[in-house]
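Taking it in order: structure first as structure tokens, then the write-up.
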Amino acid sequence: MNVTVDKESGFCFGVQRAIEKAEKLLEEHEKLHCLGDIVHNQAEMQRLSDKGLISTDKENLKNLRSQQVLFRAHGEPPESYRITGENKLTLTDATCPIVRKLQERVRKAWASVKSQNGQIVIYGNPDHPEIIGLQGQTGNGAIIVKNPTGLSGIDPGRPVELFSQTTKSTVEFRSLERNLRELMKEHHQNSEIPLKVHNTICGQISRRTPLIKKFARSNDVIVFVGGTQSSNAKVLFLHCKATNPRSWFVSMPDEVEKEWFRDASSAGVCGATSTPLWLMEKVAARIRELTEIKP
Ligand code: SF4
């Protein structure tokens, strides 16, 4: 059977950059504390932890003194910078430049909407680190909307500036925008709807959707490799599944099952922006092993 690893899958530029910074620091220091998981992928986390990377949380950060600390690509709220400064920690900030720019835009928008009695709405997962970092730019004043219909926290009579977490689906973001416009229309019948929309979904994510659908169409079976915590993995896997019903999600090579490939002549291995290439290659090797015709 023909097994192909998708050339377009794997780390996005922001995650790649953060991992390179961590690996460089680990050549010079025995250990490095990273605030949160550097990437939402357990296998890659294990590889880096073997080199000395320690995932830490905000509470532990408060107890560290004079240590090497890394902020990952997702970005952090101002409070995290305050703690590293107060505790004299040596900080390497690997916040993705795209996320940093988004933080600046949200901060500026918050300063401007406050004077107009307006609201900042962000489409995203409230527990996602990027959203926590963005919320910090508004002193936790932004309204986080988890799904396109969950608009109950928004006052439709007041102005809104709408943003998105960088890893969300463009289709869902547009659907949320339509629903919100509809809701606000009733309150602004004789005037322009005061809704300003910033599509802040990362190009590295939106470009992957059509590419992964094409890949899913061109293989009999798809094995998608991703971490169960990765929001990008969930979105991309759903696209694979909708395009090719014979799509399977795995986190590790030993989760692959032989029956998935019955009567198939091709299998494609792809993954999220948090999936390392070496792991996709291991999964591909496992598929070849399982489907090999023994003499
Ligand atoms: S998905 Fe885009 S914004 Fe998010 S870390 Fe990767 S490159 Fe940066």
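Close amide H partners of L70, meaning residues 5 or more places away or on another chain with modelled amide H under 5 Å apart, are H33, C34, L35, T92.
Axis of helix 208-217 versus longest Cα principal axis of the chain: the two differ by about 30°, to the nearest ten degrees. Counting neighbouring beta carbons within 10 Å and listing from fewest to most, the residues Y123, Y81 come out as Y81, Y123. Measure nothing fancy, just the Cα-based angle from helix 231-243's long axis to the longest principal axis of the chain, in degrees from 0 to 90, nearest 10. Roughly 60 degrees, rounded to the nearest 10. Counting charges near M184 (Lys, Arg +1; Asp, Glu -1) among other residues having Cβ under 13 Å from its Cβ returns a value of -1.
Considering only I38, S169, F11, whose Cα is most displaced toward the positive end of the charge dipole of the chain, charges sitting on Cβ of Lys, Arg (+1) and Asp, Glu (-1)? Farthest towards the positive pole: S169.
If the chain linking L290 and E257 were pulled fully straight, counting 0.36 nm for each residue of separation and taking away their Cα-Cα distance, it would gain 11.1 nm. For I143, the residues whose modelled amide H falls within less than 5 Å of its own, excluding neighbours fewer than 5 places apart on the same chain, are I120, V121, I122.
For the chain, what log10 I(q)/I(0) values come out of the Debye formula at q = 0.09, 0.14, 0.15 1/Å, with one point per alpha carbon and no solvent? So the normalised log intensities work out to -0.52, -1.04, -1.13. Computed over region 166-295, the convex hull of the alpha-carbon atoms projects to a mean area of 9.8 nm².
With helices as the sole contributors, the chain gives -13000 deg cm²/dmol at 222 nm; each DSSP H run of n ≥ 4 counts as -39500 (n - 2.57), and the sum is divided by every residue. Less than 5 angstrom separates the built amide H of V3 from those of A267, all sequence-distant by 5 or more or on a different chain.
If only the Cβ of Lys and Arg carry +1 and only the Cβ of Asp and Glu carry -1, the dipole of region 98-202 around its Cα centre is close to 280 debye. What number comes out for the charge environment of Q229, summing +1 per Lys or Arg and -1 per Asp or Glu over other residues with Cβ under 15 Å away? Charge balance near Q229 sits at -3.
Compute the long axis of helix 13-28 from its Cα atoms, compare it with the longest principal axis of the Cα atoms of the chain, and write down the angle in degrees, 0 to 90, nearest 10. Approximately 80 degrees, to the nearest ten.
Listed by chain and number, the lysines whose alpha-carbon sits under 24 Å from that of K21, ignoring those within fewer than 8 places in the same chain, are K7, K31, K51, K58, K62, K88, K101. Note on A111/H188: beta-carbon distance plugged into 1/(1 + (r/R0)^6) with R0 of 30 Å gives a FRET efficiency of 0.80. Computed from label points 7 Å out along Cα-Cβ, the spacing between R158 and T170 is 3.2 nm.
Ranked by the mean number of other Cβ atoms within 10 Å per residue, highest first, peptides 157-165, 97-105, 54-62 order as 157-165, 97-105, 54-62.
Rule-based calculations on the coordinates, nothing more; no lab input. Remember, predicted model here, so these are calculated numbers, not experimental data. Ideal geometry is used to build each Cβ from the backbone, glycine not excepted, and the neighbour counts take in all protein chains shown.
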